[in-house]
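This report concerns only the one structure given below.
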Amino acid sequence: MSEQSRGAGRIRGTGSRRRKPDRRHRAKVVTAWTVAGVVVVGGAGLGYAYLALDGNLSSIDIDAKLGTDRPDDIDDGSQDILVLGSDSRSGDNGAYGRDEGAARSDTAMVVHVDKGHHSASVVSIPRDTLIDRPACESDTTGDRVPAEHRAMFNTAYEVGGPACAVKTVESMSGIRMDHYLEVDFTGFKKLIDELGGVEITTKTAIDDSKSHLDLEPGTHTLNGEESLGLVRTRKSVGDGSDLGRIQLQQAFIKALIEQTRSVGVFSNPKKLYGLADAATKAVTTDSGLGSVKKLTGFAGGLKGLGADDVHMVTLPVEYDPADPNRVLPQEEAGRQVWAALRNDRPVPASATEKSAGDKGDAGRLVE
């Protein structure tokens, strides 16, 4: 392993090589990196540990907070899950920036699993997207937070927590979220370390002073710190915006899916328990998934999904003429994306072909 510094230090890739996973052993789990960790819990053989693992979980009653003013709950067997990565700098996450007393959703994905659980669509929402944020209730003070025009998408989590993030996505999409999953920086690192790292191949060098990642071209097995550096990288890829970072995240997810089964997790009870322990400590869920039994049942319905069954897109956006550091939703294209999910159909390629999110080359830097 290479030497790596914490905090402001550089993270250098190991450069170590390991045998490519056989294609036949591709992971059969849902694809967002947060969800991937949770699905590990559903591997079977962990009944004896339910009580201990239940004690790790944190959950939030989203339904109670939002009440009945929500899109219709369509009970057709499909699932819509909002997956957030929190950028809180509190506690152990302080190494990644100054704690300003609030967190934002650094990564946001809507995962739609079709009613037959044969395929899934993942829609990444750029955090810098300017949206009409609905009025919310502060999750810290209980005070009403007024609606705001042209608010950055990730401020919804900052001002109102998970419930406001869910309400904002439901307002944008017209789709009721069945579940909510959140993971933070520290939990993500520990999960990857328990997995034994994730193998990626970089086609060109990646050197980013903000995420502290320094990788030469070649094949690397990234540990948790290095993996976090990759999914946080933005300044040195594509156009330096959040859109490039999303493409890197999507490429990393594909690598994570392929890795999960190749390390023999499901035939190694000790490894499985370690991953389940790390996953349940890493995530915050809605109350509908707030126990290991519920998570196991949820995960069991997703095991038929492989990497080839998942279509990943970024919400169609264009740069804001008034501020090149912000993006605006492409309204007609966005309606096509959300309509596809609501009607349990694949997102049409035409919906994203003119999006700024599809013009970068960041996703082609790794495989």
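The values are calculated or read from the model by the stated rules, or taken from the named source; none is laboratory data. Since this is a predicted model, take the numbers as computed values, not measurements. Note that we place each Cβ from the backbone using ideal geometry, even for glycine, and neighbour counts take in every protein chain shown. Just the protein is used for accessible areas: all its heavy atoms, side chains included, with ligands, DNA and RNA removed. Shrake-Rupley method; radii C 1.70, N 1.55, O 1.52, S 1.80 Å.
For this structure, a couple of remarks:
- Residues in segment 160-174 that are open to solvent by 10 Å² or more (accessible area, probe 1.4 Å) and β-branched (V, I, T): 0 in all.
- Residue check: G174 meets all listed conditions (1) touching a Lys or Arg at 6+ places or on another chain (Cβ under 8 Å); (2) modelled with pLDDT of 95 or more; (3) on the phi < 0 side of the Ramachandran plot but one, namely (3).
- Residue in segment 335-355 that is most open to solvent (accessible area, probe 1.4 Å), counting only those that are in contact (Cβ under 8 Å) with a residue 40 or more places away in the chain and either in a helix (DSSP H, G or I) or of a type in the set (S, T, N, Q) (or both): R342
- Of the criteria (1) touching a Pro at 6+ places or on another chain (Cβ under 9 Å); (2) closer than 23 Å to A205 by Cα; (3) modelled with pLDDT under 70, which one I246 fails: (3)
- Number of residues in segment 180-196 that are within 17 Å of the chain's Cα centre (by Cα) and open to solvent by 30 Å² or more (accessible area, probe 1.4 Å) equals 3.
- Of residues in segment 142-159 being closer than 19 Å to D69 by Cα and assigned to a helix (DSSP H, G or I), the one least open to solvent (accessible area, probe 1.4 Å): A156
- In segment 315-329, the residues that are in a strand (DSSP E or B) and buried (at least 21 other Cβ atoms within 10 Å of the Cβ): V317, V327, P329
- Among residues of segment 283-314, those that are crowded, with 21+ Cβ neighbours inside 10 Å and either aromatic (F, W, Y) or without any contact (Cβ under 8 Å) to a residue 12 or more places away in the chain (or both), counted: 1
- Complete set of residues in segment 83-106 that are modelled with pLDDT under 90 and open to solvent by less than 10 Å² (accessible area, probe 1.4 Å): G85, S86, N93, S105
- Scan segment 160-191 for residues that are part of a helix (DSSP H, G or I), among the hydrophobic types (A, V, I, L, M, F, W, C) and touching a residue at least 60 places away in the same chain (Cβ under 8 Å) and the total you get is 8.
- Count of segment 271-282 residues, restricted to those that are open to solvent by 50 Å² or more (accessible area, probe 1.4 Å) and under 17 Å from S59 (Cβ atoms), is 1.
- Residue in segment 36-59 that is within 21 Å of the chain's Cα centre (by Cα), among the β-branched types (V, I, T), at pLDDT 85 or above and not in a loop (DSSP other than H, G, I, E, B) present: no
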